[in-house]
Every structure is written in structure tokens, then in C-alpha cells.
Amino acid sequence: MKQNTGAIIPAKEQVYLDGPKSRRYELGFAFRVFRQFIKGFRTLHFIGPCITVFGSARFKQDDPYYIAARSFGKKIAELGFTTMTGGGPGIMEAANRGAFENGGMSVGCNIQLPFEQKPNAYMQKSITFEHFFVRKVLLIKYSYAFIIMPGGFGTMDEFFETLTLVQTKTITQFPIVLFGKKYHQSLMEMIEWMAQQGTISKQDMSLVLLTDDENEAMEHIRSYINTNYKIKPRKLFWWLFEKR
């Protein structure tokens with residue numbers, strides 16, 4: 001059993017990762033997770049093809065990265081795609097804001113946290129999840145490309161999760177933009193070292209573009225989408241009776 005540190009945290013966090021529980025609890029947990037997935041599918045099924053923007057919740061409006069993320073939201077809208085984020089403040093707010101203010105579709109997959117993560121005001125659709133793993137599936141599931149802005153542990157988790165899915169061919173031909181050369185340079189050097197040591201293939205990085213140029217980033221995304229994908233219209237109803 002894990003020791004109690006005295007911190008006040010939600011009951012679900014005290015329990016569901018704290019070793020084996022009763023079979024009744026585990027079954028109930030599985031149903032709660034299933035319910036979150038179904039809610040996510042119903043909410044997001046008709047949002048259209050997305051480009052997901054990942055990044056820190058801590059950047060303020062006057063920060064250059066916030067300004068760049070806002071510009072990306074605008075450019076994603078101009079490309080005809082939906083801007084998807086984690087739905088919170090900082091980079092997420094900026095990308096949603098850029099899309100929202102320029103007539104684009106803007107959605108967010110939020111997470112229940114005791115700090116930082118409050119839904120921003122620039123989304124037509126938003127859904128809040130209890131668990132990070134459910135949220136990450138949906139942030140990736142509906143997107144054709146990913147823009148990784150500077151961020152912390154959460155952003156790096158999302159970046160490496162996406163890279164792992166590309167590496168294992170769980171998803172293929174999905175371009176990844178790593179925006180901010182100075183911020184990410186050491187990270188890229190470490191990844192290149194991994195390739196030199198043979199722990200990853202150099203081909204695993206073929207879809208990753210490190211850049212400071214927003215137009216170069218969008219052209220990288222556009223070229224892969226135009227080459228590899230054709231957007232097909234969806235029917236108005238499906239088996240869970242969603243509406244547009």
C-alpha cells in the first residue's frame with residue numbers, strides 16, 4: 001500500500017492507482033471509464049477532422065508562445081480543420097482563441113485537476129474527463145496532425161505518447177510539429193542520441209519538424225494531409241444517435 005502523505009486529493013486518486021481493490025470496485029471503475037469514453041465519442045464524433053495543439057497551461061497572454069499558439073489556431077481554421085486542445089488556459093486557450101475568433105471550430109478535452117486546469121472561454125464544444133489516459137486517447141483519435149508547443153511534464157507525456165504510437169505504427173503518416181527551436185533543442189539532441197545508440201530508428205523521427213516558422217509548420221502539415229488523406233463526409237446519425 002502507498003503511504004498517505006497527508007495531502008488532500010480526490011478520492012478516486014487515492015484509490016484507483018493504489019494497488020488491487022475489491023472485484024466490485026474494479027468492475028465499477030471499468031464501467032466509469034467506459035462511460036467516459038462513450039461520452040467522449042458522442043461529444044466529438046461530428047466535430048470534423050482536427051489538428052491538436054499541445055502546450056503548457058502556464059503561459060500568459062503577452063508571452064511569445066501564447067501569441068504563436070493563437071496564430072496557429074487562426075491558421076488551422078483557415079486550413080478548414082478543427083482546433084483541438086486540452087481545453088485549459090495558457091497555450092491551450094491561445095490556440096482555441098485563435099480558431100474561435102477567426103470563425104473556426106474550437107474544441108477542448110479538459111481534465112479534472114485541483115489547480116491550473118479550468119476550461120477556457122474560446123470553445124464551441126468542451127468535455128471534461130476524470131482520467132488522463134481517457135483524455136489522451138481522444139486528443140489523438142480525432143486529429144490528423146499535432147503541434148507541440150513548449151510545455152512541462154504533461155506536454156512531454158503527450159509528445160512521447162504520440163511518438164510511440166507513430167513508432168509502433170498504431171498511427172501512421174501523422175505529422176508532428178515541435179515548435180520552438182531554442183526550447184526543444186536539447187530534447188531533440190537527446191532523441192538524436194537515442195537514434196545513434198540504436199534504441200530508436202532514425203525513421204521514427206521522419207514526421208517530426210522542429211521549427212520557429214509558423215508557415216513552415218503549416219506547410220509541413222498540409223503536405224502530409226494532402227498526400228495521404230481524403231476527408232469523407234459522415235452520415236448525420238450513427239449508433240449512439242448523435243447530431244451535428
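The values are calculated or read from the model by the stated rules, or taken from the named source; none is laboratory data. None of these values were measured; they are calculated from a predicted model. We place every Cβ from the backbone using ideal geometry, glycine too, and count neighbours over all the protein chains shown. For accessibility, only protein heavy atoms count, side chains too; no ligands or nucleic acids. Shrake-Rupley method; radii C 1.70, N 1.55, O 1.52, S 1.80 Å.
Before moving on, here are some points about what is shown:
- Restricting the stretch 165-233 to trypsin sites (Lys or Arg not before Pro) in coil, as DSSP defines it, with at most 14 other Cβ within 10 Å: Lys169, Lys230
- Per residue solvent-accessible surface (Å²) - the chain, probe of 1.4 Å: 56
- Candidates Phe46, Phe153, Phe179: whichever shows maximal mean-square fluctuation once the chain is modelled as a Gaussian network with Cα springs under 10 Å: Phe153
- Sum of side-chain charges, Arg35 neighbourhood, beta-carbon under 11 Å (Lys, Arg +1; Asp, Glu -1): +2
- Exceeding the 19 Å Cα-Cα cut-off - candidates Lys21/Lys136; Lys141/Lys169; Lys75/Lys182; Lys39/Lys136; Lys39/Lys125: Lys21/Lys136; Lys75/Lys182
- Short-range pairs are left out: with C-alpha atoms under 8 Å and at least six residues apart, the relative contact order of the chain is 17 percent.
- Nitroxide proxy distance, nm - points 7 Å out along Cα→Cβ at Glu192 and Asn228: 2.3
- Among Ser143, Ser106, Ser223, residue whose mean-square fluctuation peaks in a GNM of the chain (springs only between Cα atoms under 10 Å): Ser223
- Kirkwood Rh, Cα atoms: Rg over Rh of the stretch 26-170: 0.96
- The label point for Glu130 and the one for Lys182, both projected 7 Å from the Cα toward the Cβ, are 4.3 nm apart.
- Counting protein heavy atoms only, the chain has 56 percent of its accessible area on carbon and sulfur, 1.4 angstrom probe.
- Charge dipole (Cα centre; +1 on Lys/Arg Cβ, -1 on Asp/Glu Cβ; no other charges) of the chain amounts to roughly 1320 debye.
- Taking max minus min of the alpha-carbon positions on each principal axis, the chain gives extents of 52, 49, 38 Å, largest first.
- Largest mean-square fluctuation among Met123, Met205, Met190, in a Gaussian network model of the chain whose springs join Cα atoms under 10 Å apart, belongs to Met190.
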